[in-house]
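The values are calculated or read from the model by the stated rules, or taken from the named source; none is laboratory data. If you're wondering where the values come from, they're calculated on a predicted model, not measured in any experiment. Heads up: the accessible areas ignore ligands, DNA and RNA and are worked out on the full protein's heavy atoms, side chains in. Shrake-Rupley method; radii C 1.70, N 1.55, O 1.52, S 1.80 Å.
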Amino acid sequence: MSLSEDLRKELAAIAPRSECDRLAELSGLFHSAGSVHLKGRGEVSLHVDVSDSAVARRAFSLLRGFAVSSEIRTYRRRAFEGGARYQLHLAGDDRAVQVLHEAGVLSARVTPLASPPRRVVATTCCRGAYLRGALLGGGSLSGPPSAHLELRTAEPEGAEFLVRIAADEGVQLRTADRHRHAVAYAKGAEAISDVLALAGAGRTILVLEEGAVMAATRSRANRIANADHANLVRTSRAAHVQLLAIRRLRSNGEFAELPPQLQEIGELRERHPTFSLRELALRCEPPTTKAAAHRRLQKLQQLAAT
């Protein structure tokens, strides 16, 4: 199950505390996933199209709470590997039109609104509920290391409205025009957590934070592993050059005439070709420093080169 699906299931399980919250959530849901079809003579039909059965059930429950009847239908989209989609169909009777007008989905002339009036999101709880509805209908979330949250709307005005209500609560969203639709989005775990907290998705915030910790841990482990590998490569190449120098000195008889300390480090390198400088230094009698071992090996290379 994807992080987006987990988020929708968590949000769909949150029960709005008041009627204004239910109205605001219904508004956010319709503005992100709803459509209005004008039939003429002032008649309309409406439906909400979502990808998750939990969201469809939530929309059905919200509408039933306002005494609005609806019907859930399913279909499959070939473009998306045959995944099931869910539609709530509303007949567009007087009660449905009245409720959706109150929710700021329809105007007094029964035409669709790009965003609801401010009365729908007048309080903090209503703004959180509207954001929750928008996430249920058109939200997508990806986790670390490149955490990204999007809320899809049909028009730029709808995305800008989301930015404004989030800003009222000190939460930052940005907008982007995707030609066929617009989005309000947040990047980075901290900015996304602020949005999810306003919508009430505490469990998903914990999952994001855990993912961020795991991503940081993996990144650090990779850096350490890469550094260790680079050190091993450097040590191996240096040891190879040192062994060539020692063999050259032995072949021309100069090695036996070297000072004892140089002979000692040369013999240690021959016996332990994979040892680091620190390990060679500790094998000397008496043990010496890494810098001293390095100087002695450099001296051997210099003598072999002359």
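For the range 209-299, just run the numbers: alpha carbon Rg, then divide by 2.2 N^0.38 Å, N being how many residues it has.
So the Cα radius of gyration is 1.49 times the expected 2.2 N^0.38 Å.
For LYS290, go through the lysines and keep the ones whose alpha-carbon is under 17 Å away, minus same-chain ones fewer than eight residues off.
Qualifying lysines at Cα under 17 Å: LYS299.
With only alpha-carbon atoms in the gyration tensor, what are the semi-axes of the equivalent ellipsoid for the range 134-177, in Å, largest first?
Its equivalent ellipsoid spans semi-axes of 18, 14, 9 Å.
With a 1.4 Å probe and all protein chains left in place, how much of the accessible area of the chain comes from carbon and sulfur atoms, in whole percent?
Carbon with sulfur: 51 percent of the solvent-accessible area.
Pull up the cross-link candidates among the aspartates and glutamates for LYS187, meaning alpha carbon to alpha carbon under 18 Å and not fewer than 8 places away within one chain.
Cross-link targets: GLU150, GLU160, GLU169, ASP177, GLU209, GLU210.
Would you compute, for the Cα atoms of the range 159-255, the largest minus smallest coordinate along each principal axis and list the three values in descending order, in whole Å?
86, 33, 21
How many Å² of accessible area per residue for the chain, probe 1.4 Å?
That works out to 55 Å² for each residue.
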